[in-house]
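**Q** First, the structure itself, so that you have it in front of you.
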Amino acid sequence: MLCLIVVCFGFRVIIKRTNVLIRGGKELVKSETLEKVIKDKSRYIPKNTELALWAKSAGRCQICGIKLFENEKFGIETNTSQKAHIFAFSEKGPRYSEDTFEVHSIDNLMLLCYEDHHTIDNNPEQFPVELLQKIKADFEKKVESVIDTIRKKSSVIYYSSSISEFDSSPNTKSELNRALLDANLFSDGNYFPIEIDNQYMSQDEQYFQTQMKALKKKIDRITSSLEEAEVFSVFAIGPQPLLMYLGYLLNDETDIRVFQKFRGGESGWSWLAEQQTNTFRVERLFDYDSSNSAEVSEVNLIISVSAEIAATRIHAVKSEDIPTYELRSAYQGLDAIKSEQDTNDFIRTFRGEAIEQIRQDFPQASIINLFPAMPVSLPVRIGMNYLKNVDVEWRMYNQHGEAGFVCALSIKGGNENE
């Protein structure tokens, strides 16, 4: 004996089937539940699907491109859109298929104006499924490509070492995403954290050797990703020599954007301004004499941006006889760099004026000693701009407590010296 119990929940049917068997005078009951989903015959299109369709079509008819959110003739905001099915909703509709169950899926819907909706449904032989699918796909791809030209996709490197206020918590990642959007970028979903354990916190010679080796390994692992990304955005905090070394490893061969961390407020990594807010200049801190320029093998370059570095501090570790230049900003402080334009102008001054002036004054010099005080975005940019086949050796000095400046690392002709 077979007993069926049918329970309906909307458009989902639960069938309870019970078999009663008689064996040897005893009843054996076998029960099983079958679940069957029948086709939803409702004309209701889910709100999320409708909104997604509007987004994919940018609020325009996917055939003629007319705006569907306003009456252009009268300039009145209105909604004139119609949701057209590629495979028909009903059996008597155009392009109906027995195999079509998800008739209200976004892949089966087009956003159209009344005229084009009327045309394709009244002329199904001229507008078969394959043609409408192609029209829809081409239009949505065009919308996406237009948006992509405005806002590029970016992978992200975030690096922290020793002085870090930085972590990989969701709060930090949300700051990075906000900074990308504010810079007219958006994440492609690829995040590469470079967070290195600090075995040596004193920032002595051993510390920098350890950090450089670990950093190089990390960058080597993502080299292929660097080459494939449309844009790479760098968010980095650490001792300035290591930030320069990070930039040196990345170099300037791909589209890399370097961001600045701001303290306090809600800015996080977002630029505080769009236009240039600071200026930079280069000065000689010595009396230049071209007659002995060939005898000079090294020079000093002080970089005073976030703070003033007195020349007397440099002379404590390097002879006063070594020619010293200074690249300084008109305004100094932790917020001396407020915009990406500021970083661009700094690099133009560093490369086009400071390095070029040194090359012209002392063509035989083989070492440039860098003494930096600058916001974290600038040493990364400096490292990126090192020309491995052109530049002489750059030695980056680091403030090491009461010991003053000590040489942390150097880069030379494509080889880093640890």
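**Q** Which three lengths, in whole Å and largest first, does segment 248-330 cover when its Cα atoms are put on their principal axes?
**A** Here the spans come out as 52, 31, 24 Å, largest first.
**Q** Taking a quarter of the surface of the convex hull around the Cα atoms of segment 47-149, what do you get in nm²?
**A** Details: hull surface 28.9 nm².
Averaging across all directions leaves 7.2 nm² for the Cα convex hull.
**Q** Please identify every one of the GluC sites (Glu not before Pro) in segment 258-337 that sits in a loop by DSSP and has no more than 13 other beta carbons within 10 Å of its own beta carbon.
**A** E266, E274, E308, E320
**Q** How big, in percent, is the set of alpha carbon pairs in segment 214-285 lying more than 19 Å apart?
**A** On the way: 1312 of 2556 pairs.
That tail contains 51 percent of the Cα-Cα pairs.
**Q** Select from segment 64-98 those trypsin sites (Lys or Arg not before Pro) which occupy a DSSP coil region and have at most 13 other Cβ atoms within 10 Å, ordered by residue number. Please report the intermediate quantities before stating the final value.
**A** Values: sites: K67, K73, K83, K92, R95; in loops: K73, K92, R95.
Here the sparse-neighbourhood loop sites are K73, K92.
**Q** Extension gain D99-A273, at 0.36 nm per residue separation less the Cα-Cα distance, in nm? Could the numbers behind the result be given before it?
**A** Numbers: separation 174, 0.36 × 174 = 62.64 nm, distance 5.62 nm.
That pair, D99 and A273, stretches by 57.0 nm at full extension.
**Q** Could you line up C64, C113, C407 from fewest to most neighbouring Cβ atoms inside 10 Å?
**A** On the way: C64 11, C113 21, C407 18.
Ordered by Cβ neighbours within 10 Å, fewest first: C64, C407, C113.
**Q** Can you tell me the Rg and Dmax of segment 300-418, counting just the alpha carbons, in angstroms?
**A** Here Rg and the maximum Cα pair distance are 13.8, 37 Å.
**Q** Looking at segment 362-405, which trypsin sites (Lys or Arg not before Pro) are DSSP coil and have at most 12 other C-beta atoms within 10 Å of their C-beta?
**A** Working: sites: R381, K388, R395; in loops: K388.
Here the sparse-neighbourhood loop sites are K388.
None of the figures in this text is laboratory data; all of them are computed from the coordinates on show. From a predicted model like this one, the values you see are computed outputs, not experimental measurements. Using ideal geometry, Cβ is built from the backbone for each residue, glycine included, and neighbour counts are taken over all protein chains shown.
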